[in-house]
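Here is the structure we will look at, set down as structure tokens.
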């Protein structure tokens, strides 16, 4: 297993939830890493695993945040790490985790074949292609965020 993989953290947190009295704790794909039930209510946990012993610099996707704000009473962000070989978990409510989070300038990803310049595939994709219109909209939205902060 990749030492940076969060698979062990997810499994360990499922066991921890079961120990706390949750039922049906399992790793899922969406809207978070883990779901579990307590007193008939379904909860979601987004696991952020770190090997850091000091500060943890990480990221959460917009998709994760959207799920979090749609039901903040049933969503938690969890920082998972090991100390002396023992799993440790620090849970944050949506509001608490938001206080530690910020929006950097947007990133725009690319995927090109090296050594074989060619046009991008026209196959349907969930990826949103960059256009000048979208780029301008992102620039304007980010500027709005910066202006609101002033």
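Each value in this text was obtained by applying a stated rule to the coordinates, not by laboratory testing. Keep in mind the model is a prediction, meaning the values are calculated, not measured. We place every Cβ from the backbone using ideal geometry, glycine too, and count neighbours over all the protein chains shown.
Taking 7 Å along the Cα-to-C-beta vector as the label spot, tell me the residue 66-residue 52 distance in nanometres, rounded to one decimal.
Once both label points are built, they end up 2.7 nm from each other.
Go ahead and set up a Gaussian network model of the chain, Cα springs under 10 Å, then flag whichever of 121, 80, 68 fluctuates most.
121
Rounded to the nearest 10 degrees, what's the angle between the helix 132-149 long axis and the longest principal axis of the chain, both from Cα atoms, 0 to 90?
The helix 132-149 is inclined about 60 degrees to the chain.
Restricting to bridges with both residues inside the range 7-98, how much of the DSSP beta-bridge set is antiparallel, in percent to the nearest 5?
Roughly 70 percent of the beta bridges in the range 7-98 run antiparallel, per DSSP.
Taking Cα centroids, how far is the range 9-24 from the range 72-150 in Å?
With the range 9-24 and the range 72-150 each reduced to a Cα centre, they are spaced 27 Å.
For the chain, what is the calculated [θ] at 222 nm in deg cm²/dmol (nearest 500), taking -39500 (n - 2.57) for each run of four or more DSSP H residues and dividing by its residue count?
Value at 222 nm, helices only: -9000 deg cm²/dmol.
What ranking do 57, 43, 13 get, fewest neighbouring Cβ atoms within 10 angstrom at the top?
Lowest to highest Cβ neighbour count: 57, 43, 13.
If the chain between residue 59 and residue 134 were fully stretched, how many nm would it gain, using 0.36 nm times the residue separation less the Cα-Cα distance?
24.7 nm
Tell me, 74, 100 in order of fewest to most beta-carbon neighbours within 10 Å?
100, 74
Order these peptides, 14-21, 127-134, by their mean beta-carbon neighbour count within 10 angstrom, highest first.
The most tightly packed comes first, giving 14-21, 127-134.
Rank these for me by crowding, 84, 6, 71, 147, going from fewest to most other beta carbons within 10 Å.
Least to most surrounded, the residues fall as 84, 147, 71, 6.
Against the globular-protein guess of 2.2 N^0.38 Å, express the Cα radius of gyration of the range 1-146 as a ratio, rounded to two decimals.
Dividing the Cα radius of gyration by 2.2 N^0.38 Å gives 1.29.
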